[in-house]
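One structure is given below, encoded as C-alpha cells.
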Amino acid sequence: MTAPTPRGAAVGRGIGIGLMYGLWKPRVLGAWRVPMSGPVILAVNHSHMIDGPMLMGTAPRPVHFLIKKEAFVGPLDPFLRGIGQLKVDRTTADRTAISNALGVLADGGVLGIFPEGTRGEGDFASLRAGLSYFAVRSGAPIVPVAVLGSTERRGRLIRGLPPLRGRVDVVFGDPFEAGDGSGRRTRKALDEATVRIQERLTAHLESARRFTGR
C-alpha cells in the first residue's frame, strides 16, 4: 500500500475547491489561524457527509483525512487514495492507518480527523482517543473546526444534501497543544489530554454558533 502524498492531497484540495464553491456558498472564517507550515491536526465536527469535502475545499492547506474503510469501495478506493486520503478500520487498532497518519505529521502535513469517529450530532459530545494519541505522540497543534449549516435544510433536487447554493459556514479556531508539556504518553496522560481537547472543541463550537447565529 502506497503512503499518502502531499501532491495527492493538493489535487484533492483543488477538486474540493471546485465542487464546494461550485455547488454551495461556503463562508470561511478564521482560516488565518491555521499555521501555514509544519504539522497540524484539524479536528472537525461531523454531522453530514459533505463536512470532509467541505473542509478539503476551504482549508488553506491540503488535508489528509482519516476516513472509514467502508467509504473505500469500487472506484472510490483508488480515487480517495490518489488524493492523499487515509483508510482506517475503526473496529481495531489499525496500525497501517496510524503509521500513515503519523507519517503525514512527521512530514509537516495537515491531518484531518473527525474526533467523534462517525457522523452524529456534530457537537463533540463523545470523543475517541485517537485524536489525543496523534496530538500527544506528534506534538502537532490542534486547530478546532466547526462546519455549520450542512444539516439545517434538505435540498430539493438531492434530498440527502444541503440546498444547492446554500451557505455553509466553516469556522477555524485558535491552535492549541493537547499535551501537558511533560511528553508523557501513558493511558492517564491520553485520557487527560482527551478531556482538555473536548473542552476546547466544545467551547469553539459554541463560540462559532454564537458568531454565525447557527
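Each reported figure results from applying straightforward, stated rules to the coordinates on display, with no laboratory input. None of the values given here were measured: they were computed from a predicted structure. Don't worry about glycine lacking a Cβ; one is built from the backbone with ideal geometry, like all the others, and counts go over all protein chains shown.
Between Gly166, Gly149, Gly181, the GNM of the chain built on Cα springs shorter than 10 angstrom shows Gly181 fluctuating the most. If Lys and Arg each add +1 and Asp and Glu each add -1, what is the summed charge of the other residues whose beta carbon sits under 11 Å from the beta carbon of Val44? Surrounding charge for Val44 is -2.
Using a simple spin-label model with pseudo-atoms 7 Å out from Cα toward Cβ, Glu177 and Tyr21 lie 3.6 nm apart.
Between Ser99 and Arg165, what's the calculated FRET efficiency when r is the beta-carbon distance and R0 is 41 Å? Round to 0.05.
Working: r = 41 Å, r/R0 = 0.99.
Given R0 = 41 Å and the Cβ-Cβ separation, E is 0.50.
Please find the FRET efficiency linking Thr212 to Thr186, where r is the Cβ-Cβ separation and R0 is fixed at 30 Å, and quote it to the nearest 0.05. Can you show the working numbers first?
On the way: r = 38 Å, r/R0 = 1.28.
Result of the calculation: an efficiency of 0.20.
Largest GNM mean-square fluctuation among Asp89, Asp174, Asp51, using the chain with Cα springs under 10 Å: Asp89. Amide H contacts of Gly166 (H built 1.01 Å from N, in plane; Pro and chain starts excluded): Lys25 sit under 5 Å, all sequence-distant by 5 or more or on other chains.
Here is the size of the chain from its Cα atoms: Rg then Dmax, 16.3, 53 Å. Across Gly18, Gly74, Gly130, mean-square fluctuation computed from a Gaussian network of the chain (C-alpha pairs under 10 Å connected) peaks at Gly74.
Using only helices, what value at 222 nm comes out for the chain when you add -39,500 (n - 2.57) per DSSP H run of length 4 or more and divide by the total residues, to the nearest 500 deg cm²/dmol? Walk me through the intermediate numbers first.
Details: 6 runs with 80 residues, N = 214.
Taking each H run of at least 4 residues, the total per residue is -12000 deg cm²/dmol.
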